[in-house]
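Student: Below you will find the structure I want to go over with you.
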Amino acid sequence: MQVAVVKYNAGNIFSVMNALGRLGVEAKLTDDAAALRAADKVIFPGQGEASGAMDYLRSHGLDEVIKSLKQPVLGICIGQQLLCRHSEEGDVDCLGIFDAEVKRFSPTRHEDKVPCMGWNALSHTSSPLMEGTEGQYVYFVHSYYVPLCPETIATANYILPYSAALHKDNFYATQFHPEKSSSVGERIIKNFLEL
């Protein structure tokens with residue numbers, strides 16, 4: 001199986017590569033359109049800022065490449081947010097796979113810190129990607145979130161309930177970091193590889 005990881009100006013790529021390596025998968029880190037289209041699975045990871053990431057994707061033609069992919073694609077963290085229609089972060093139009101607007105957390109109490117950082121439980125899980133994860137804890141680091149929407153396949157709660165994971169057609173996405181979420185995250189990556 002050929003697994004490609006999208007190479008662009010967002011961090012966290014190497015922890016994803018390492019997580020795949022622990023599962024015996026030698027992934028290819030690439031920004032080459034032909035290599036991305038030829039892969040059996042594509043992972044679109046990232047940590048960073050939405051408008052800068054979208055500028056980079058557009059300037060390298062990767063926005064159109066990602067939208068054109070037909071194989072299973074997994075967006076992680078900012079990868080999930082960039083697959084949405086628009087982000088409040090930098091007020092930028094994104095890839096538009098999911099018809100959702102990414103919003104900034106608005107703390108309502110003193111103890112509500114932004115960014116949301118740490119372990120949180122998954123609920124209302126559905127889809128083969130999330131199999132075996134109901135009630136399990138996974139690792140989040142984010143200041144922006146995707147509201148609940150028809151494509152939500154897992155929910156987390158921080159200040160308000162929001163989309164911990166999304167699915168539409170061949171596109172899957174998680175707001176949390178499966179590659180940093182211990183055995184639960186490993187299970188999710190395995191589930192993705194087996195789709």
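Student: Show the residue pairs that are 6+ apart or on different chains and have beta-carbon atoms under 9 Å apart, the first residue being within segment 44-71 and farther than 17 Å from His86 by Cβ, the second being charged (D, E, K, R) and not in a loop (DSSP other than H, G, I, E, B).
Tutor: Pairs found: Pro45/Glu179; Glu64/Arg58; Val65/Arg37; Ser68/Arg37; Leu69/Arg37; Lys70/Arg37; Gln71/Arg37; Gln71/Lys41.
Student: Another question, then. For segment 3-36, how many residues meet the condition of being under 15 Å from Leu69 (Cβ atoms) and hydroxyl-bearing (Ser, Thr, Tyr)?
Tutor: 2
Quick grid of which residues meet (1) among the aliphatic types (A, V, I, L, M); (2) modelled with pLDDT of 95 or more; (3) surrounded by 14 or more Cβ atoms within 10 Å (Cβ to Cβ):
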{"position": "Pro72", "(1), (2), (3)": "no, yes, yes"}
{"position": "Ile76", "(1), (2), (3)": "yes, yes, yes"}
{"position": "Leu82", "(1), (2), (3)": "yes, yes, yes"}
{"position": "His86", "(1), (2), (3)": "no, yes, yes"}
{"position": "Asp91", "(1), (2), (3)": "no, yes, no"}
{"position": "Leu95", "(1), (2), (3)": "yes, yes, yes"}
{"position": "Ala100", "(1), (2), (3)": "yes, yes, yes"}
{"position": "His110", "(1), (2), (3)": "no, no, no"}
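Student: Specify which of the listed residues (Tyr139, Tyr144) is surrounded by 15 or more Cβ atoms within 10 Å (Cβ to Cβ), farther than 25 Å from Lys41 by Cα and aromatic (Phe, Trp, Tyr).
Tutor: Tyr144
Student: Take the residues in segment 8-56 that are among the charged types (D, E, K, R) and exposed (fewer than 14 other Cβ atoms within 10 Å of the Cβ); name whichever of them is farthest from Asp93 (Cα to Cα).
Tutor: My answer is Arg22.
Student: I'd like the full set of residues that are over 14 Å from Val73 (Cα atoms) and buried (at least 17 other Cβ atoms within 10 Å of the Cβ), limited to segment 156-174.
Tutor: Ala156, Tyr158, Tyr162, Ser163, Ala164, listed by residue number.
The values are calculated or read from the model by the stated rules, or taken from the named source; none is laboratory data. From a predicted model like this one, the values you see are computed outputs, not experimental measurements. Heads up, the Cβs are rebuilt from the backbone with ideal geometry, glycines too, and the neighbour counts pull from every protein chain shown.
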